[in-house]
Amino acid sequence: MIEYVFEEVGTDAGGSGLATITLNRPAARNALDEQALRDLDAAYARAEADGARAVLLRGEGRAFCAGRDIAGVDPRTDDAAGYLDGLLTPLLHRIAAFPAPTFAAAHGACLGVGLGLLIATDVVYVAPDAKIGSPFAALGAALDSGGHALFVERLGTHRTLDLVYTGRLLSGDEAVAAGLFSRVVDAGALEERTRDAAVAAASGPTAAFVASKRIVAALRDERLGFWEALALETRAQVALGDTDDYREGFAAFQQKRPQVFRGR
């Protein structure tokens, strides 16, 4: 169900590790049950242990992820808290806090839990045919996996509740136009373009990328303003001044040669 591949993609002596994580249950549109969430969490933990300098998340088949696998779930005895609080929330925390750039290639159904995986990822490229949102209006359930926070922040309360009440799904074009995700890529080029971006990031100054990632998270989560952002940037620059990549970047610029970053 969850496939993990780690490979060296850089040409420098230090190496640039890329971890590719694939949701591989195409017959079920990559719907995720409890064990799949555990396996997905373990895959990200393994990527961190392997020292991955970028992670690519993708879905096999005609969908990225159709959400939770509810086949055989009895709503009278379902442990929703165990699935959401016990498994999904820790997984989304792990993805959002991953100490390297993360990427996702999204196509077809990106629903419920699938939407949550995209929200937690740093950079998301979507195909025009993507269907983004939640089918919960048809189930008598509430939008979860972080959808409320993303939609209210980017769409406002009225459009958010319109989507919730109607159950209408956003296309990839609509989602990107609304600022939900990074960019739209034609379905035929989606995998290649997303992988190229992940490879480029893995070969870049990943310590600096992670510093920016943490600043962005602080601005979002703590609602910091302009001056607070300047202070965070200053602290990041001072800390990066002690890294090999910082010195390498300056030396390469001065010597007019390509940089060789090692993520430290």
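Brief remarks follow.
- Filtered residue count, the stretch 196-230, keeping only those that are farther than 19 Å from Pro99 by Cβ, without any contact (Cβ under 8 Å) to a residue 12 or more places away in the chain and part of a helix (DSSP H, G or I): 6
- Neighbours by Cβ (under 7 Å, 6+ apart or cross-chain): first from the stretch 236-257, over 24 Å from Val216 (Cα atoms); second of a type in the set (A, V, I, L, M, F, W, C): Glu248/Val260; Glu248/Phe261
- For the stretch 223-244, the set of residues classified as open to solvent by 100 Å² or more (accessible area, probe 1.4 Å) and farther than 18 Å from Phe209 by Cβ consists of Arg223, Phe226, Trp227, listed by residue number.
- Given (1) modelled with pLDDT of 90 or more; (2) open to solvent by 80 Å² or more (accessible area, probe 1.4 Å); (3) more than 21 Å from Val126 (Cα to Cα), index of the condition Arg247 fails: (1)
- Elements of the type strands (runs of 3 or more DSSP E) sitting completely within the stretch 77-183 and holding at least 2 residues that are under 13 Å from the mean Cα position of the chain (by Cα) and surrounded by 19 or more Cβ atoms within 10 Å (Cβ to Cβ): these cover 102-106, 123-126.
- Of the numbered criteria (1) of a type in the set (D, E, K, R); (2) open to solvent by less than 70 Å² (accessible area, probe 1.4 Å); (3) closer than 17 Å to Gly67 by Cβ, the one Glu191 fails is (3).
- Residue ranges of strands (runs of 3 or more DSSP E) in the stretch 1-61 with at least 2 members under 21 Å from Thr206 (Cα atoms) and open to solvent by 70 Å² or more (accessible area, probe 1.4 Å): 2-8
The values are calculated or read from the model by the stated rules, or taken from the named source; none is laboratory data. The model shown is predicted, which means the values in this text are computed figures rather than measured ones. Every residue, glycine as well, gets a Cβ built from its backbone with ideal geometry; the counts of neighbours run over all protein chains shown. Ligands, DNA and RNA are excluded from the accessible area calculation, which covers all protein heavy atoms including side chains. Shrake-Rupley method; radii C 1.70, N 1.55, O 1.52, S 1.80 Å.
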